[in-house]
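Data block below; observations after.
The values are calculated or read from the model by the stated rules, or taken from the named source; none is laboratory data. Please read these numbers as outputs of a predicted model, since none were measured by experiment. Positions of Cβ are backbone-derived with ideal geometry, glycine not excepted, and every protein chain shown enters the neighbour counts.
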Amino acid sequence: MSWKDNLIKIEPYVAGEQPNKTDFIKMNANENPYPPSPEAIKAINNFDGANLKKYPSANAVELVKTIAEYHGLKPENVFAGNGTDDVLSLCFRAFFNSKKPILFPDITYSFNTVWCEILGIPYEQIRVDADFNINPEDYKRANGGVVIANPNAPTSIGRDLDFLRIILDNNRNCVVIVDEAYVDFGGITAIPLLEEYDNLVITRTFSKSRSMAGMRIGYAMGSKDAIAAIYAAKDSVNSYPVDSVAQKAGIASIKDEKYFRETIARVIKTRENLTEKMREMGFKIPDSSTNFIFASHEKYTAKEIFEYLKSRDIYVRWFNKPRIDNYLRISIGTDEETEALLNALKEYIK
Ligand SMILES: *Cc1c(COP(=O)(O)O)cnc(C)c1O
């Protein structure tokens, strides 16, 4: 017997590599290639450090109010946390306390299994079809909850409200979480469905479309009762999640709609160009509703392309996992970075 027998036994989520050098192209973590809104940067620069002696607003009141107004909701319908990962883990604690398994696709955000394992939540992963499409009818079975990323990751595929309605109509007695981390890049938001389904909870992040991955802001939207349950879960582990600087910067970002729209439009334009050029090279790529593409090539394995690109200081994401191990997930960079990627690929793929 050793103290080590009692250590946590879990396979943690592995994030995209953060190489310890500066001169490389990073397309492996779905970060935004453009900086946050200048207004957000100004808010950070103008922050009086002396104020850090005080705890932040415990429930990020002003930030929540700003987010709620932005989406046409009430503050009681919004919860803000330290990035969506924090919000989702609180949601899992708050909502998934049934003995029945929660359901999510076999190909989706891989943090789901990590939280289930660590929190002891039973789960069932439902197979997506050969083209990575989620069949909504599959989510019609006894369960303790449902989690759908829409658009899904790492497949990049976005679905419409009819798809979500099928899942919601078959799951009136559990919480359905829709993770909208990528929705701003061309997905369809479930926000209009919040009025009809009080068991629907939508999560969003500032990390991708708002270029603030380093700041850690995420939020959930849902009925008053659902949001209250997330607060209860939060206050049982950490009453002060979003720090004072992040609250100010988050508010400033939300208020700069023009910059937000422009940045997204740039990313989408680059994505469409990259998709077209890579398809011409023989890559198979589903239409993306996100800030990344999911690509495979019939003649070259994803692993060899991944290794080759890395040797050229271009980092993309390759998941050594069943069903997707011949795919690369490539985050959309600047036009210049995309050009470099295309040039490198052209040299390799003859
Ligand atoms: C990036 C991502 C998140 C988490 O974002 P945070 O940086 O923790 O806010 C959640 N879900 C999906 C599907 C993501 O890709």
Report task. Please tell me if Ile67 is touching a strand residue (DSSP E or B) at 6+ places or on another chain (Cβ under 7 Å), within 14 Å of the ligand (Cβ to nearest atom), outside any loop (DSSP other than H, G, I, E, B) and of a type outside the set (S, T, N, Q). Result -> yes
Query raised in the report: What number of residues within region 78-105 are more than 15 Å from the ligand (Cβ to nearest atom) and farther than 14 Å from Val201 by Cα?
Result: 7
Query raised in the report: Are any residues in region 146-175 in a loop (DSSP other than H, G, I, E, B) and in contact (Cβ under 8 Å) with a residue 40 or more places away in the chain, and if so, which ones?
Result: Asn150, Pro151, Asn152, Ala153, Pro154, Thr155, Ser156, Ile157, Gly158, Cys174, Val175
Requested in this report: Read through the list (1) more than 30 Å from Arg210 (Cα to Cα); (2) assigned to a helix (DSSP H, G or I), then give the number of the only condition that Arg141 fails.
Outcome: (2)
Report task. Report, by residue number, each residue of region 30-67 that is closer than 15 Å to Ile217 by Cβ and aliphatic (A, V, I, L, M). Result -> Ala40, Ile41, Ala43, Ile44, Ala60, Val61, Leu63, Val64, Ile67
Query - Lone qualifier among Val147, Val128 - being touching a Ser or Thr at 6+ places or on another chain (Cβ under 8 Å) and over 24 Å from Ile191 (Cβ atoms) - result: Val128
Report task. Among what's in region 136-145 and is free of Cβ contacts under 8 Å to residues at least 40 places away in the same chain and surrounded by 15 or more Cβ atoms within 10 Å (Cβ to Cβ), pick the residue that is nearest to Trp115 (Cα to Cα). Result -> Tyr139
Report task. Consider Ile254 carefully, then state whether it is aliphatic (A, V, I, L, M), within 16 Å of the ligand (Cβ to nearest atom) and either surrounded by fewer than 24 Cβ atoms within 10 Å (Cβ to Cβ) or not assigned by TED's automatic domain parsing to the domain that holds Tyr70 (or both). Result -> yes
